[in-house]
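Below is one structure, written out as structure tokens; the observations come after it.
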Amino acid sequence: KMPQTPPFAAVFDSSGYNRNLYQSKEDNCGGLYYHDNNLLSGSLEALIQHLVPNVDYYPDRTYIFTFLLSSRLFMHPYELMAKVCHLCIEQRRLSEPGLDKNWMQKIAPKILQLLTEWTETFPYDFRDERMMRNLKELAQRIASGDEMYRKNVHQLLQNLIRKLAAVSQYEEVLAKIDATSTDRLMVLKTKPQSIQRDIITVCNDPYVLAQQLTHIELERLNYIGPEEFIQAFVQKDPLNNDKSCYGDQKKTRNLEAYVEWFNRLSYLVATEICMPVKKKNRARVIEYFIDVARECFNIGNFNSLMAIISGMNMSPVSRLKKTWAKVKTAKFYILEHQMDPSSNFYNYRTALRGATQRSLTAHSNREKIVIPFFSLLIKDIYFLNEGCANRLPNGHVNFEKFWELAKQVSEFMTWKQVECPFERDWKILQYLLTVPVFSDDALYLASYESESPENHVEKDRWKTLR
């Protein structure tokens with residue numbers, strides 16, 4: 001039986017360090033520096049060595065996650081994989097002759113477990129054929145030892161191939177969606193009224209719309225690999241300044257696709273508000289979106305909530321004074337207050353903590369949903385990365401920083417695994433993903449046609465646009 005490991009969030013305790021690192025290597029921790037049982041730094045070689053199981057040792061799960069996540073700041077995953085393979089084979093060569101069978105029985109399940117954790121948590125690393133080659137080679141060596149291992153190896157490879165096929169399919173769907181909305185935009189420009197329906201006709205219930213938005217959010221969140229956060233910062237390794245860590249590392253763009261979705265939703269909200277000719281219809285759309293946003297808040301979908309608020313705050317929308325005069329704005333101000341950026345988004349961070357607490361004790365999937373305001377999550381991780389050096393003055397890798405990075409990313413890992421509890425409505429999803437949205441210029445034009453320009457700047461702009 002494989003060594004079992006606890007779920008992510010439970011593994012990182014509140015201080016960000018892990019209290020139960022296996023200390024069986026402590027005695028000869030050549031190149032690793034601990035303080036109060038916490039691994040704080042080490043040479044890159046020693047850290048790689050610490051990842052590789054031996055007969056009496058298996059690395060702790062938080063260490064595996066943290067090192068696999070952060071080591072890419074120093075080396076390409078395929079280089080790490082090659083070193084791990086080399087160390088495993090080296091160990092076998094150094095074991096006493098005649099103990100080969102015994103060694104195999106003791107070490108094979110551990111190596112297999114390490115490969116399982118790697119392929120399950122960072123499957124996109126294996127979109128690189130060099131990685132795949134190394135994996136298959138090591139797996140082959142394990143499988144040749146015993147019938148049971150052969151089954152496990154087969155299972156591991158099947159699961160990995162399934163995951164990689166799923167991400168390829170997802171990328172194709174995204175490309176199709178982009179193509180459809182571009183085509184529709186062309187039609188919209190030539191015959192504006194013929195295809196443009198409006199959101200309330202497609203879905204008149206704000207609750208249902210918030211649920212469908214949550215479907216899109218969770219699906220897109222789910223495809224982001226934890227390493228995509230770190231790969232955004234890969235720069236040159238100071239100890240080896242002629243080579244950037246790896247130029248060809250981008251195997252995915254799920255993170256960018258998710259940010260694009262946020263922008264699309266903001267523009268969709270602004271388009272829906274600016275489109276109606278009549279003031280009372282525009283006011284009705286604003287009130288509708290306020291209700292959608294409120295429901296997103298209740299669900300724990302902070303990303304859609306923020307996109308809706310930013311759509312309403314775009315200047316073509318916020319300048320519509322006569323329209324806003326007809327809106328009951330009290331509810332909107334409460335939401336804006338929740339997402340107020342002052343004091344480093346203090347109110348939002350408090351609400352996020354509340355949602356996270358709720359999800360930890362949840363009895364249903366509905367209570368488990370936490371969809372963070374994504375741009376802020378990226379920014380937090382970015383500042384954490386910028387604020388601390390990857391290497392200490394003695395050339396050691398600053399592992400203290402990597403615990404903190406891993407702690408933030410592991411929270412995201414917990415959130416992205418939630419299954420969406422709401423029923424899908426394909427008609428609404430199709431509309432949200434493919435209906436054409438106005439560009440900045442088109443929004444201003446629609447806005448000025450609804451409520452005429454008020455000052456010279458606006459008048460000049462309107463002239464230019466027409």
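The values are calculated or read from the model by the stated rules, or taken from the named source; none is laboratory data. Values in this document were obtained by computation on a predicted structure and should not be read as measured data. Glycine also receives a Cβ, built like all others from the backbone with ideal geometry; neighbour counts cover every protein chain displayed. Note: areas computed on protein heavy atoms with side chains; ligands, DNA, RNA excluded. Shrake-Rupley method; radii C 1.70, N 1.55, O 1.52, S 1.80 Å.
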Fill in: Long-range neighbours under 7 Å by Cβ, at least six apart or interchain, first residue at pLDDT 90 or above within segment 72-87, second small (Gly, Ala, Ser)
LEU80/SER71
Practice prompt. Can you confirm whether segment 430-444 contains a residue that is surrounded by 15 or more Cβ atoms within 10 Å (Cβ to Cβ) and in contact with a Pro (Cβ under 7 Å, 6 or more places away or on another chain)?
Written response: yes
Practice prompt. Tell me which of these ASP60 doesn't satisfy, since it passes every other one: (1) at pLDDT 90 or above; (2) open to solvent by 30 Å² or more (accessible area, probe 1.4 Å); (3) of a type in the set (D, E, K, R).
Written response: (2)
Worksheet item: If you check SER14 against the conditions, is it modelled with pLDDT under 90, open to solvent by 60 Å² or more (accessible area, probe 1.4 Å) and of a type in the set (Ser, Thr, Tyr)?
Response: yes
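What residue, among those in segment 254-284 that are open to solvent by 30 Å² or more (accessible area, probe 1.4 Å) and not in a helix (DSSP H, G or I), is farthest from LYS176 (Cα to Cα)? Show your work before the answer.
First, pick out the residues of segment 254-284 that are open to solvent by 30 Å² or more (accessible area, probe 1.4 Å): 256, 259-260, 263-264, 267, 275, 277-281, 284.
Next, from what is left, pick out any that are not in a helix (DSSP H, G or I): 275, 277-278.
Working: MET275: 26, VAL277: 32, LYS278: 34 Å.
Taking the candidates together, the pick is LYS278.
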Fill in: Cβ pairs under 6 Å, 6+ apart, first in segment 118-138 and under 24 Å from GLU171 (Cα atoms), second in a loop (DSSP other than H, G, I, E, B) and open to solvent by less than 60 Å² (accessible area, probe 1.4 Å)
TYR124/GLY225; TYR124/THR252
Worksheet item: Looking at segment 132-176, which of its residues are under 21 Å from PRO77 (Cβ atoms), open to solvent by less than 100 Å² (accessible area, probe 1.4 Å) and modelled with pLDDT under 90?
Response: LEU138, ALA139, ILE142
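Test CYS296 against the stated conditions and say whether it is open to solvent by less than 50 Å² (accessible area, probe 1.4 Å) and modelled with pLDDT of 95 or more. It would help to see each step written out before you state the result.
On the way: open to solvent by less than 50 Å² (accessible area, probe 1.4 Å): yes; modelled with pLDDT of 95 or more: yes.
Yes; evaluated as a whole, the condition is true for this residue.
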Discussion item. Going through ARG358, ARG366 one at a time, which residue ends up being open to solvent by 30 Å² or more (accessible area, probe 1.4 Å), touching a Phe, Trp or Tyr at 6+ places or on another chain (Cβ under 9 Å), touching a residue at least 24 places away in the same chain (Cβ under 8 Å) and over 30 Å from GLU449 (Cα atoms)?
Written reply: ARG366
Item to complete: Name the single residue, out of those in segment 389-417 being within 19 Å of PHE373 (Cα to Cα) and charged (D, E, K, R), that is most open to solvent (accessible area, probe 1.4 Å).
Response: GLU411
Worksheet item: Residue check: is THR464 touching a Phe, Trp or Tyr at 6+ places or on another chain (Cβ under 7 Å) and open to solvent by 30 Å² or more (accessible area, probe 1.4 Å)?
Response: no
Worksheet item: Among the residues of segment 108-119 satisfying the criterion of being under 20 Å from MET148 (Cα atoms) and of a type outside the set (Val, Ile, Thr), which is surrounded by the fewest Cβ atoms within 10 Å (Cβ to Cβ)?
Response: GLU117
